[in-house]
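Have a look at the structure below, then the notes.
The values are calculated or read from the model by the stated rules, or taken from the named source; none is laboratory data. What you see is a predicted model; the values in this text were computed from it and never measured. For neighbour counting, all protein chains shown are included, and Cβ atoms are generated from backbone atoms with ideal geometry for every residue, glycine included.
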Ligand code: FNR
């Protein structure tokens, strides 16, 4: 199978795998407040995540690139939708384009169609500082995502096995760059122990990318003759992960992703302590099934849902949703109690 075919195969599996029966955001219930006193039409969802001034807490999370015409078209359409709606967007891992210059156009298109937008570059934790710089300059990125995906690599037959240089690489990149460096998972979530280690290294931006949405154990297992199915439910569910990392320190900028289905899930993530929220598989599914206009509609709808929640809770900005009254049920409640976060 060629690299281009593998990328497309990946997307097919990422969209096609069975979702978890239970969505962990359903464990979070917001306490309704009757006395709304703001003007919906005056409400703005503009926000700030550390140094990043954003017109919305929602961003398109890292997905694709490399692999030819098909991924280039996906990136162009996502970038056009991001431009039209003013949201930020991450590109997929640029590691292959760093090694093979022919693949660059599939990423560069994101900047070409959206010259003024906020765009995040993306590399793996195996990237060296020069490689990180190259990824950034390829798309004139405003921030860099470094993804960590140990379990995905372990399930992939051709995946990495040696992670001894990971912390050193991240440290060098964080020390040297003057744009935000966001360390992210890929659907397994982050613990408070992980967050503390990253914080001690100077990392200030995290995307928990928790369990509950796109599931890379299932994606990679679908490509194996002998799957590691016992790892299909590995990972920290997104709401629990946001609680884990949000309790650590106030100047940590937490982003939430993984299984966010709509604006209300996004608002719940903000209530639990995130400053922004990303969507990957959900938006890709809309694009593939219904096209770019439908993605624009979907993003606008999500924005309205966030605003409705702000309105109901008298939160004049997305950041002011943080800590609004809510009740945790089920697995999330047990998680938070047993991990000493209540
Ligand atoms: C991803 N994701 C991802 N993340 C990353 O850091 N680099 C990457 O190259 C990719 N590639 C990728 C491809 C596809 C097809 C999907 C659907 C996802 C992970 C993504 O950014 C996100 O962390 C998770 O998918 C969880 O979010 P959702 O999909 O549940 O909204």
Among the residues of segment 11-23 satisfying the criterion of being more than 13 Å from the ligand (Cβ to nearest atom) and touching a residue at least 40 places away in the same chain (Cβ under 8 Å), which is surrounded by the most Cβ atoms within 10 Å (Cβ to Cβ)?
-> 22
Scan segment 180-191 and report the pairs whose first residue is farther than 18 Å from residue 332 by Cβ and in contact (Cβ under 8 Å) with a residue 12 or more places away in the chain and whose second residue is in a loop (DSSP other than H, G, I, E, B) and within 11 Å of the ligand (Cβ to nearest atom), with Cβ atoms within less than 7 Å and a gap of 6+ or a chain change.
-> 183/148; 184/209; 186/149; 186/209
Counting just the residues of segment 152-180 that are touching a helix residue (DSSP H, G or I) at 6+ places or on another chain (Cβ under 7 Å) and within 13 Å of the ligand (Cβ to nearest atom), which one comes out nearest to residue 218 (Cα to Cα)?
-> 152
Among (1) assigned to a loop (DSSP other than H, G, I, E, B); (2) surrounded by 14 or more Cβ atoms within 10 Å (Cβ to Cβ), which single condition is residue 26 missing?
-> (1)
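Residues checked against (1) more than 10 Å from the ligand (Cβ to nearest atom); (2) touching a residue at least 40 places away in the same chain (Cβ under 8 Å); (3) in contact with a helix residue (DSSP H, G or I) (Cβ under 9 Å, 6 or more places away or on another chain):
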{"site": "221", "(1), (2), (3)": "yes, yes, yes"}
{"site": "231", "(1), (2), (3)": "yes, yes, yes"}
{"site": "249", "(1), (2), (3)": "yes, yes, yes"}
{"site": "253", "(1), (2), (3)": "yes, yes, no"}
{"site": "261", "(1), (2), (3)": "no, yes, yes"}
{"site": "264", "(1), (2), (3)": "yes, yes, yes"}
{"site": "275", "(1), (2), (3)": "yes, yes, yes"}
Only unsatisfied item for residue 106, checking (1) part of a loop (DSSP other than H, G, I, E, B); (2) closer than 18 Å to residue 8 by Cβ; (3) at pLDDT 95 or above, is (1)
When residue 323 is run through (1) more than 16 Å from the ligand (Cβ to nearest atom); (2) crowded, with 22+ Cβ neighbours inside 10 Å, the failure sits at (2)
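Any idea which residue in segment 197-219 is farthest from the ligand (Cβ to nearest atom), counting only those that are over 14 Å from the mean Cα position of the chain (by Cα) and under 17 Å from residue 150 (Cα atoms)?
Residue satisfying both the conditions and the ranking: 197.
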Test for residue 5: is it surrounded by fewer than 16 Cβ atoms within 10 Å (Cβ to Cβ), in contact with a strand residue (DSSP E or B) (Cβ under 8 Å, 6 or more places away or on another chain) and at pLDDT below 95 = no
